[in-house]
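Report on the following structure.
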Amino acid sequence: MSKKVIVGLGEILWDMLPSGKALGGAPANFAYHAQRLGEEGWAVSAVGDDPLGREILDIVAEKQLNNIISVTEKPTGTVAVKLDDRGVPSYNITEDVAWDNIPFTPEMEALAQRADAVCFGSLVQRMASRASVLRFLRAARPDCLKVFDINLRQHYYSREVLEESLQLADILKINDEEIRTVAGLFGLSDDDTAACRALIARYGLRLVILTRGPQGSEVITPEAVIPQTAGEAVVVDTVGAGDSFTAAFVVAYLRGDSLADAQRLASDTAAFVCSRKGAMPV
């Protein structure tokens, strides 16, 4: 059986952790874990023509991660990450960097037409890259699975961006804090499950993946709510755990696994990432 082409589209950057810098960015993390789980993962982003950008290209090559990473005149993206005493991160995200200005290239269009799944978020749509994200999604085949990992960060989202992204998506991945924000923005129920079902109905989604950190997750469809406990782990840090969860779920979903089995693999993969430093552990 041929490998599925699974694309992470958006930011690639350096997470400046208290312990040092680590390669990050949700879409790159997603692509990396899709590839580690046996599929053809692709990271699509941009870096600067600077030492930090060259180091990213070297690491991506070393990890043998397929990529279309453009080199731009803007600086390579960085995020100052602080961890609280539970290992939970907070972020300060530098603006107008390379991944804010991803050009839409013929190579990206060709990849879009090959993709079996693409995962994208709201953060990459805060500036000029939004146009490239939308062009990629619209160039994809009708049967390409489009996963909106909403990934709300600071003030870098708007109702317009969220609405257009939901209209293009098949699956929404959202956490328990984000669903409260979205429910407030869209005037939905203060019950998480009811709010998710309202989004499914309004935007024609197949399902919503609602994650609750150490409390586990739920897959919500029009007919069912499938709960899953969190995988057991000694937490080192939680950076990238959600991205690995999404990647594992998408890999299993595309292979035809049941929703419960896909969710179990996702939970176990996220637990493993929590037990290691950084977002792309071996």
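Report the gain in length on full extension from S158 to D190: 0.36 nm times residue separation, minus Cα-Cα distance, nm rounded to one decimal. Don't skip to the end; give the middle numbers.
Values: separation 32, 0.36 × 32 = 11.52 nm, distance 1.98 nm.
Separation in residues times 0.36 nm, less the Cα-Cα distance, equals 9.5 nm.
Run through the DSSP bridge list for region 5-274 and note the antiparallel percent, rounded to the nearest 5.
Working: 18 of 49 bridges.
Counting DSSP beta bridges with both partners in region 5-274, the antiparallel share is about 35 percent.
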*Which FRET efficiency, nearest 0.05, do E109 and D85 yield, Cβ-Cβ r, R0 51 Å?*
0.65
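Quote the relative contact order of region 1-98 in percent (integer), defining contacts as alpha-carbon pairs under 8 Å separated by 6+ residues. The partial results should precede the final answer.
On the way: 213 pairs, mean separation 26.9, N = 98.
Relative contact order, region 1-98: 27 percent.
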*Modelled FRET efficiency - R0 30 Å, D50 with T229, Cβ distances, 0.05 increments*: 0.10
*Remind me, relative contact order of the chain in percent, using alpha carbon pairs under 8 angstrom and six or more residues apart?*
16
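Nearest 5 percent is fine: what portion of the DSSP beta bridges confined to region 64-169 is antiparallel?
Values: 5 of 9 bridges.
So the antiparallel bridges amount to about 55 percent of the total.
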*Among (1) 58, 19, 15; (2) 26, 21, 19; (3) 38, 22, 19, the entry derived from the coordinates for semi-axes √(5λ) of the Cα gyration tensor in Å*: (2)
*Separation between Cα centres of region 18-40 and region 65-104, rounded to whole Å*: 13
*Estimated FRET transfer efficiency (A131, T181; beta-carbon r; R0 22 Å; 0.05)*: 0.35
*Which value in deg cm²/dmol, rounded to the nearest 500, describes the helix-derived mean residue ellipticity at 222 nm for the chain, given -39,500 (n - 2.57) per DSSP H run of n ≥ 4 and division by the residue count?*
-11500 deg cm²/dmol
*Assigning unit charges at the beta carbon (Lys, Arg +1; Asp, Glu -1) and nothing else, what dipole magnitude in debye, to the nearest 20, does the chain show about its Cα centre?*
340
*Full extension from D96 to V282: what is 0.36 nm times the residue separation minus their Cα-Cα distance, to one decimal in nm?*
63.9 nm
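Coordinate-derived values only; no laboratory data. None of these values were measured; they are calculated from a predicted model. Please note: Cβ atoms are built from the backbone with ideal geometry, for glycine as well, and neighbour counts cover all protein chains shown.
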